[in-house]
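A short write-up of the structure that comes next.
The values are calculated or read from the model by the stated rules, or taken from the named source; none is laboratory data. A quick note: this is a predicted structure, and the numbers were derived from the prediction, not measured. Cβ: placed from backbone, ideal geometry, glycine included. Neighbour counts: every protein chain shown.
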Amino acid sequence: MSAKKAQEFFPPPALPRTGVDAHAHLDDNRFHEDLEQVVARASAAGVAQIVQVFLGPDAWEQGRAIFAAYPDIYFTLGIHPNEAATYDAAAESGIRAAVKSDTRIRAVGEIGLDYYRDTCPRRVQKEVFAKQLRLARELDLPVVIHCRDAEEDTLALLDAEGFAGYPLLWHCFGGDTHAARRVLTEGRYISLPGPLTYPANRDLRAAAAEIPLDRLMTETDCPYLAPVPLRGRRNEPAWTAYVLAALAEARNMPPADLWTACGDNARRFFGIDRPRY
């Protein structure tokens, strides 16, 4: 998609600058031509901070300089379950060294299990997930979870590794009310993406209405999962506002209040200061 086409559709600056896009992939090559404009549109739409997800130490090494001019973009770092076979001693040392040298890295993630795509044996995914959980504990960082079609094994492994009560964010949640209740045990957080806006996802909106307000965040997972009315296009942080609009309707809350609450939850989780309004 061209940068020009992406600029044709984005929400007006109708929200206070208190929101956070809790999960973005702005190092994707689809943002190489217009990252400055993307960040500016996010700010105009009320996004105060963005959490950029680096999928491995090589991605961090190659991409961190891109964000030097954007102090309101923070990082997470981890090996995605689809790439679990690449996790070795060098990768673990690379993550450890990156965290020690870069104060903008605020969590280990996204890590977890993905049984939707058959790209890595489940046994390997589980082993690497466990290793990265232990690394997060060593580094005293919260964890961002990726889970796709693997809820039972993800929760079981978290229990086995003693992660009750540990700061953990379940990114891109797409389940129903029952699944949300299971995820939220032990004080965990849930982040909701663009599919919340899809008409068929009534169960997800019902779950969103019941998630405790102090455990809720919004995200884009851009460039993926663009919300309605932009579905199928390149997603970007400004469009978190569309997710927020659907969430506010589901919860019958004033959008600005909900926006700020979700943003404050993300700042608390990632250890980010509140912006100066």
- Item | Among the candidates A207, A248, A238, residue that is farther than 22 Å from L26 by Cβ and crowded, with 24+ Cβ neighbours inside 10 Å | A207
- Checklist (1) of a type in the set (S, T, N, Q); (2) surrounded by fewer than 20 Cβ atoms within 10 Å (Cβ to Cβ); (3) under 14 Å from the mean Cα position of the chain (by Cα) applied to S191, failing item: (2)
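So that you can scan it fast, the table gives a plain yes or no per residue for (1) under 19 Å from T76 (Cα atoms); (2) in contact with a Gly (Cβ under 7 Å, 6 or more places away or on another chain); (3) in a strand (DSSP E or B); (4) basic (K, R):
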{"residue": "G165", "(1), (2), (3), (4)": "no, yes, no, no"}
{"residue": "L169", "(1), (2), (3), (4)": "yes, no, yes, no"}
{"residue": "G174", "(1), (2), (3), (4)": "no, no, no, no"}
{"residue": "I190", "(1), (2), (3), (4)": "yes, no, yes, no"}
{"residue": "L196", "(1), (2), (3), (4)": "no, no, no, no"}
{"residue": "A200", "(1), (2), (3), (4)": "no, no, no, no"}
{"residue": "D203", "(1), (2), (3), (4)": "no, no, no, no"}
{"residue": "A208", "(1), (2), (3), (4)": "no, no, no, no"}
- Item | Flag if T103 is surrounded by fewer than 15 Cβ atoms within 10 Å (Cβ to Cβ), under 24 Å from A24 (Cβ atoms) and at pLDDT below 95 | no
- Query: Among R276, R202, R234, R268, which is the only one that is charged (D, E, K, R), without any contact (Cβ under 8 Å) to a residue 40 or more places away in the chain and farther than 28 Å from H178 by Cβ?
  - Reply: R276
- Message: Please verify whether T154 is buried (at least 19 other Cβ atoms within 10 Å of the Cβ), hydroxyl-bearing (S, T, Y) and outside any strand (DSSP E or B), treating the condition exactly as stated.
- Response: yes
- Query: Quick one: how many residues across the range 61-85 are β-branched (V, I, T) and within 30 Å of D118 (Cβ to Cβ)?
  - Reply: 2
- Query: Do you know which of the residues in the range 22-62 that are in contact (Cβ under 8 Å) with a residue 60 or more places away in the chain, assigned to a helix (DSSP H, G or I) and not aliphatic (A, V, I, L, M) is surrounded by the fewest Cβ atoms within 10 Å (Cβ to Cβ)?
  - Reply: R30
- Of these, T260, T185, T220, which one is surrounded by fewer than 16 Cβ atoms within 10 Å (Cβ to Cβ), among the hydroxyl-bearing types (S, T, Y) and out of contact with any Leu (no Cβ under 7 Å at 6 or more places or on another chain)? T185
